[in-house]
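Scroll down for the structure; my scribbles are underneath it.
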Amino acid sequence: MVGLKQKTSAMLRLVWAAAMVATFFGVMVSASSAQSASSPLPPATTNAPQNAEPAQAQDDQSGGFVFKKEVEEVVLRAIVVDEQNRLVTGLSEKGFHVFEDGKPQDLTFFRKERVPVSLGILIDNSGSMLPKRAKVSEAALQLVDSSQEKDNVFVVNFGDDAFLDQDYTDDVGKLRAALMRTGTHGSTALYDALVASIDHLNSAAPQQKKILLLVTDGQDNASQATYNDVVRKLQSRNGPVLYTIMLQEQARPDTHGQQALRALSEQTGGTAFFPSSLDEVQAIARSIGKDIRSQYVIGYRSSNPQTAGSYHAIQVQAADQEHRLRVSTRAGYYSGELGTKQ
């Protein structure tokens, strides 16, 4: 009888301990769920370009870990136009030649297809934009309406800070509500918004093809991130294509802000637009939508040494029998971190 009581007591202690462990993990899971339900835009990180994480494998001989880095493909999104700036969409793989650091590269794949995209729309929410927001939002929605199945879009409004007002969705109603959300923030932290949005694309994009559209009416005047931080982010190995629209009251010579946006866009294979009238914005949105659907996708494995953090310049040439052609694609990329033995 005494032995039975001892066994019963021991079993009760085990049950009690199991219940406490279950309760503890239940609290942790609930806390984690509550935290993930909110969707603030994470703070911008500016200390290094975004790169794929090295694969980790167990080293049975040393008892430690060996980090192994495969040679990754460089993926290019290219748009080709002729001398009259008309899109050229009928080229084959043989019409393209890719050079990295001046050396010809062998293509590993080539395609021309309407693939789904992950699209981030960044709208300047400073006070000066308030009278323009209605037309800007309608133009952005026009771009969304031209999307195809499985496209996913997120919306960031920014002024002094950047806010993820709508995370990835294909629901036009939710996107419209986010685009119509306005404020009266006085400053323009444009670079901070770009860096944080690129991070969001690199960490959570549902689709491999990544596009950013930035709409503003002024240059950056409030960011902690710098122009060079944005360049490093955009020129990660498979960074997004950036399109920018800077609204102006009237046509004027290049300003510092215009030059910065033009350089950022062109380095990714995108385009910068500087309309002097709001009436031009919808036509620009249609043009961007057409560009997105007319891209060639080109891949290659670099034949150059991949030193961590080194920059590799890219040049793509295209030709057919009738036209001299111009290719818009990214200007280069920063190689990723090399694996190290722990």
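The values are calculated or read from the model by the stated rules, or taken from the named source; none is laboratory data. Keep in mind the model is a prediction, meaning the values are calculated, not measured. For neighbour counting, all protein chains shown are included, and Cβ atoms are generated from backbone atoms with ideal geometry for every residue, glycine included.
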Return yes when Leu247 is under 30 Å from Gly336 (Cβ atoms) and in the same structural domain as Lys210 (by TED's automatic domain parsing) and no when it is not.
-> no
Could you grab me the full set of residues in the stretch 150-178 that are basic (Lys, Arg) and out of contact with any Leu (no Cβ under 8 Å at 6 or more places or on another chain)?
-> Lys150, Lys174
Given the conditions (1) in contact with a Ser or Thr (Cβ under 9 Å, 6 or more places away or on another chain); (2) modelled with pLDDT of 75 or more; (3) at negative phi, every one holds for Arg86 apart from (1)
Would the stretch 297-308 turn up any residue that is assigned by TED's automatic domain parsing to the domain that holds Thr108, surrounded by 14 or more Cβ atoms within 10 Å (Cβ to Cβ) and modelled with pLDDT under 90?
-> yes
Name the pairs whose Cβ atoms lie under 7 Å apart, with the first residue in the stretch 221-237 and in the same structural domain as His200 (by TED's automatic domain parsing) and farther than 16 Å from Thr329 by Cα, the second acidic (Asp, Glu) and not in a helix (DSSP H, G or I), and 6 or more positions between them or separate chains?
-> Ala222/Asp160
Some residue of the stretch 131-150 being in a helix (DSSP H, G or I), in contact with a helix residue (DSSP H, G or I) (Cβ under 6 Å, 6 or more places away or on another chain), among the basic types (Lys, Arg) and over 21 Å from Gly257 (Cα atoms) = yes
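Taking the criterion of being in contact with a Leu (Cβ under 9 Å, 6 or more places away or on another chain) and basic (Lys, Arg), would at least one residue in the stretch 104-112 satisfy it? Walk me through how you get there before you give the answer.
Taking the stretch 104-112 and keeping what is in contact with a Leu (Cβ under 9 Å, 6 or more places away or on another chain), we get 112.
Retained after the next criterion (residues that are basic (Lys, Arg)): 112.
Within the stretch 104-112, one or more residues are in contact with a Leu (Cβ under 9 Å, 6 or more places away or on another chain) and basic (Lys, Arg).
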Ala134 passes all but one of (1) buried (at least 16 other Cβ atoms within 10 Å of the Cβ); (2) farther than 17 Å from Ala204 by Cβ; (3) among the aliphatic types (A, V, I, L, M); which number fails?
-> (1)
Would you list the helices (runs of 4 or more DSSP H) that sit entirely within the stretch 180-279 and hold 2 or more residues that are surrounded by fewer than 19 Cβ atoms within 10 Å (Cβ to Cβ) and over 15 Å from the mean Cα position of the chain (by Cα)?
-> 227-234, 256-268
Based on what the data block shows, is Ile314 touching a helix residue (DSSP H, G or I) at 6+ places or on another chain (Cβ under 8 Å) and outside any loop (DSSP other than H, G, I, E, B)?
-> no
Any residue in the stretch 152-178 that's within 13 Å of Ser126 (Cα to Cα): show its pairings with residues that are among the basic types (Lys, Arg) at Cβ separation under 8 Å, as long as the two are six or more apart or on different chains.
-> Asn157/Arg181
The lone condition Gln142 fails out of (1) within 12 Å of the chain's Cα centre (by Cα); (2) in contact (Cβ under 8 Å) with a residue 60 or more places away in the chain; (3) surrounded by fewer than 19 Cβ atoms within 10 Å (Cβ to Cβ) is (1)
